[in-house]
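The values are calculated or read from the model by the stated rules, or taken from the named source; none is laboratory data. The model shown is predicted, which means the values in this text are computed figures rather than measured ones. Cβ sites come from the backbone with ideal geometry, for glycine too, and all protein chains shown count toward neighbours.
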Amino acid sequence: MDIVLIRILFVALLAGVCYFLHPFGMSGWVGAGAGAAAAGAVIVFELRVRALSLRRLIGAVAGSVLGIFGAALFCLVLRSAPLTGATSASLQIFVLLLMTYVGLLVGASKGDLLNPAALSMVFSGERPSRRSSKVLDTSVIIDGRIADIAEAGFIDGTMVVPEFVLRELQIVADSTDGSKRQRGRRGLDMLQRMQSNPNLQVQIVPDDFPSIREVDLKLLELAKKWEAKVVTNDFNLNKVAHLHRVEVLNINDLANALKPVVLPGEHMNVLILKEGKEYNQGVGYLDDGTMVVVDHARKMIGKSVDITVTSVLQTASGKMIFGKMEENGKSTEPPRQTPAELAR
């Protein structure tokens with residue numbers, strides 16, 4: 001409602017100014033009508049501009065500015081041409097309007113090609129964007145979970161992939177060993193997936209440190225240079241990074257933090273898959289990969305048993321749950337029927 005009142009006031013004000021000033025020798029009421037019509041045209045233009053997207057608006061402004069600048073250069077040539085004053089002035093006005101019009105339309109039509117996020121990075125400076133960067137190592141790219149985490153919005157800033165990591169990925173992808181070759185190609189596919197996502201910023205940087213041979217140490221030096229964090233799931237790289245006072249985001253730590261909390265005394269059902277290290281132990285796994293060690297379950301391999309949690313151990317490699325079978329010791333597997341029962 002306030003905008004409507006402002007527009008009405010603008011029309012009335014421009015009409016009143018033209019009524020009293022008599023522009024172009026027009027009479028009072030004719031000038032007022034012309035002023036009101038001009039104000040209406042401005043309001044229509046304003047409505048059209050409000051409907052434009054940010055990219056088209058930036059492109060239109062940039063195109064019109066470049067058009068005016070080009071027209072100014074053109075007019076310098078026209079002023080020195082042997083033309084009458086009226087002809088020269090008319091040509092200069094025509095060139096100005098033409099260049100501005102063409103620049104406005106071309107800039108608006110090509111505005112969708114602009115990337116406002118990249119422009120904001122240019123104007124905000126280089127260091128703040130670097131501080132929010134994350135350096136990816138080879139193992140976390142091959143692992144692939146980084147793509148899902150980034151697409152879910154839990155990692156901000158630019159994900160930096162140095163070229164020496166790409167070379168290592170290519171070497172793994174070209175390996176004669178089938179499993180290594182598959183892992184390397186998976187890493188390249190994950191990287192291509194992240195690059196194709198318009199909401200993620202993946203930057204390949206040529207920074208290298210020829211005096212350092214180990215890739216892990218190169219990653220740490222790059223993180224120091226960029227004041228960035230290293231994203232990895234490598235246990236050893238995590239330890240070395242802490243010694244070098246480089247911040248690390250460990251994907252395995254995130255996965256462990258997201259696992260459901262299990263307390264002693266809780267009941268659960270586990271499929272026993274193999275023997276444990278200790279005598280008469282059976283080992284099973286939860287859906288999230290957590291290892292469950294069950295006492296006196298060695299004979300229950302291949303069966304699902306009900307257990308009671310006795311303790312939970314958090315290790316550097318993950319969480320381990322220890323439990324014992326219920327007193328009934330029954331399996332959830334249906335009992336096998338004897339041949340005599342089957343014949344009935």
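Scanning region 27-42 for residues that are under 43 Å from the mean Cα position of the chain (by Cα) and touching a residue at least 24 places away in the same chain (Cβ under 8 Å) turns up just one, Val42. Are any residues in region 222-249 in a strand (DSSP E or B) and either buried (at least 22 other Cβ atoms within 10 Å of the Cβ) or among the acidic types (Asp, Glu) (or both), and if so, which ones? Passing the criteria: Val230, Val231, Thr232.
On inspection, Ser90 does not qualify as touching a residue at least 24 places away in the same chain (Cβ under 8 Å) and small (Gly, Ala, Ser). Check whether at least one residue in region 170-177 is within 22 Å of the chain's Cα centre (by Cα) and either charged (D, E, K, R) or assigned to a helix (DSSP H, G or I) (or both), and report yes or no. Looking for residues that are within 22 Å of the chain's Cα centre (by Cα) and either charged (D, E, K, R) or assigned to a helix (DSSP H, G or I) (or both), one finds none in region 170-177, hence no. For region 202-242, a residue qualifies if it is within 18 Å of the chain's Cα centre (by Cα) and more than 24 Å from Asn252 (Cβ to Cβ), and the qualifying residues are Gln203, Ile204, Val205. Exactly one residue out of Ser133, Ser175 is at pLDDT below 90, in contact with a Lys or Arg (Cβ under 6 Å, 6 or more places away or on another chain) and either among the small types (Gly, Ala, Ser) or under 30 Å from Arg55 (Cβ atoms) (or both), and it is Ser175.
Among residues of region 263-288 that are touching a residue at least 40 places away in the same chain (Cβ under 8 Å), those with a beta-carbon under 6 Å from a residue that is exposed (fewer than 13 other Cβ atoms within 10 Å of the Cβ) at least six positions away or on a different chain give the pairs Pro264/Ser311. Any residue that is assigned to a strand (DSSP E or B), out of contact with any Lys or Arg (no Cβ under 8 Å at 6 or more places or on another chain) and of a type in the set (A, V, I, L, M) - is there at least one of those in region 193-204? Yes, region 193-204 contains at least one residue that is assigned to a strand (DSSP E or B), out of contact with any Lys or Arg (no Cβ under 8 Å at 6 or more places or on another chain) and of a type in the set (A, V, I, L, M).
Table: residues versus (1) in contact with a strand residue (DSSP E or B) (Cβ under 7 Å, 6 or more places away or on another chain); (2) part of a helix (DSSP H, G or I); (3) among the β-branched types (Val, Ile, Thr); (4) more than 26 Å from Pro23 (Cβ to Cβ).
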site	(1), (2), (3), (4)
Gly35	no, yes, no, no
Ala38	no, yes, no, no
Val42	no, yes, yes, no
Arg48	no, yes, no, no
Leu57	no, yes, no, yes
Ser90	no, yes, no, no
Leu105	no, yes, no, yes
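If you go through region 132-148 and pick out every residue that is assigned to a helix (DSSP H, G or I) and in contact with a Leu (Cβ under 7 Å, 6 or more places away or on another chain), you end up with 3.
Looking for something polar (S, T, N, Q) and out of contact with any strand residue (DSSP E or B) (no Cβ under 6 Å at 6 or more places or on another chain) - is there at least one such residue anywhere in region 262-280? Yes: one or more hits.
Exactly one residue among Phe45, Phe69, Phe24, Phe20 is under 16 Å from Leu98 (Cβ atoms), of a type in the set (Phe, Trp, Tyr) and free of Cβ contacts under 8 Å to residues at least 40 places away in the same chain, and that residue is Phe69.
For region 275-286, which positions are under 14 Å from Val305 (Cβ atoms) and in a strand (DSSP E or B)? Gln281, Gly282, Val283, Gly284, Tyr285 - these are the residues of region 275-286 that are under 14 Å from Val305 (Cβ atoms) and in a strand (DSSP E or B).
In contact (Cβ under 8 Å) with a residue 12 or more places away in the chain, in a loop (DSSP other than H, G, I, E, B) and touching a helix residue (DSSP H, G or I) at 6+ places or on another chain (Cβ under 6 Å): does that describe Asp156? No; evaluated as a whole, the condition is false for this residue. Among the residues of region 56-110, just one is of a type in the set (Lys, Arg) and surrounded by 17 or more Cβ atoms within 10 Å (Cβ to Cβ), namely Arg56.
Taking the residues in region 267-298 that are more than 19 Å from Glu326 (Cβ to Cβ) and buried (at least 17 other Cβ atoms within 10 Å of the Cβ) as candidates, determine which candidate is modelled with the highest pLDDT. Among those that are more than 19 Å from Glu326 (Cβ to Cβ) and buried (at least 17 other Cβ atoms within 10 Å of the Cβ), it is Met291.
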